[in-house]
Amino acid sequence: MFGRKKELEEGDYVFASKQDGAYRNIVFGMATGIDGSKVGVSGLIVNAVGLKNKVSQGKAGPRSDEILKNPTPENCILAFIYRTEHESFNQVMDVTEDRVVKISQKAHAVLDGWIRESLPELINNVLSLPEGPEREQAKRVVKQRMDTLYDKNLKQNLYSVCRSLKILN
């Protein structure tokens with residue numbers, strides 16, 4: 001009963017990462033089938049190209065490097081602050097080679113919302129602009145998008161990130 005992990009089942013929401021050069025891309029979606037150590041995953045794969053660029057330019061610290069090399073459901077939002085590229089993902093992953101973990105529907109909805117609502121692009125616009133009227137306009141766009149979000153958890157998550165980045169005045 002205590003300390004026992006529930007096995008992955010078909011229909012569970014999952015988080016995984018897939019090797020891409022020196023770093024790993026982020027995968028989240030639903031387990032579509034399980035056969036031994038093989039898990040079919042249908043969802044999105046996200047390449048955190050903005051954070052990878054920051055690290056390669058030496059403008060990011062060791063925490064950023066850790067996020068790219070070992071993404072988790074908790075730390076991957078920090079990779080979504082910068083520009084990302086994503087596409088549909090429908091592949092079989094081997095749990096002996098790739099880390100595949102079960103996540104809650106709420107966690108999946110937050111991760112999926114970040115990508116589907118283009119939040120990385122909006123936040124990156126704010127962070128990349130110098131102080132001035134253009135940056136203030138970009139902040140207003142982020143605030144407007146935040147006000148139009150239906151998912152309460154996504155809204156809270158975005159609010160927390162914006163406060164820590166000092167996007168909200």
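The values are calculated or read from the model by the stated rules, or taken from the named source; none is laboratory data. Everything numeric here is computed off the predicted structure, so don't read it as measured data. Cβ coordinates were reconstructed from backbone atoms using ideal geometry, including for glycine residues, and neighbour counts include every protein chain displayed. We work out accessible area using only protein heavy atoms, side chains counted, and drop any ligands, DNA or RNA first. Shrake-Rupley method; radii C 1.70, N 1.55, O 1.52, S 1.80 Å.
One table, with the values for the structure above:
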| item | result |
| --- | --- |
| Only one of 167, 123, 81 that is closer than 24 Å to residue 49 by Cα and modelled with pLDDT under 90 | 167 |
| The range 68-86 residues that are β-branched (Val, Ile, Thr), paired with ones that are open to solvent by less than 70 Å² (accessible area, probe 1.4 Å) (beta carbon under 6 Å, 6 or more apart) | 81/123; 84/46; 84/48; 84/120 |
| Any hit, the range 46-69, residues being open to solvent by 90 Å² or more (accessible area, probe 1.4 Å), modelled with pLDDT under 90, part of a loop (DSSP other than H, G, I, E, B) and out of contact with any Lys or Arg (no Cβ under 6 Å at 6 or more places or on another chain) | yes |
| Residues of the range 70-86 that turn out to be open to solvent by less than 30 Å² (accessible area, probe 1.4 Å), part of a loop (DSSP other than H, G, I, E, B) and not polar (S, T, N, Q), as a count | 2 |
| Residue in the range 87-106 that is open to solvent by 30 Å² or more (accessible area, probe 1.4 Å), among the small types (Gly, Ala, Ser) and touching a strand residue (DSSP E or B) at 6+ places or on another chain (Cβ under 8 Å) present | yes |
| Qualifying positions in the range 91-107 - farther than 20 Å from residue 123 by Cβ and either touching a Gly at 6+ places or on another chain (Cβ under 8 Å) or aliphatic (A, V, I, L, M) (or both) | 91, 92, 93, 95, 100, 101, 103 |
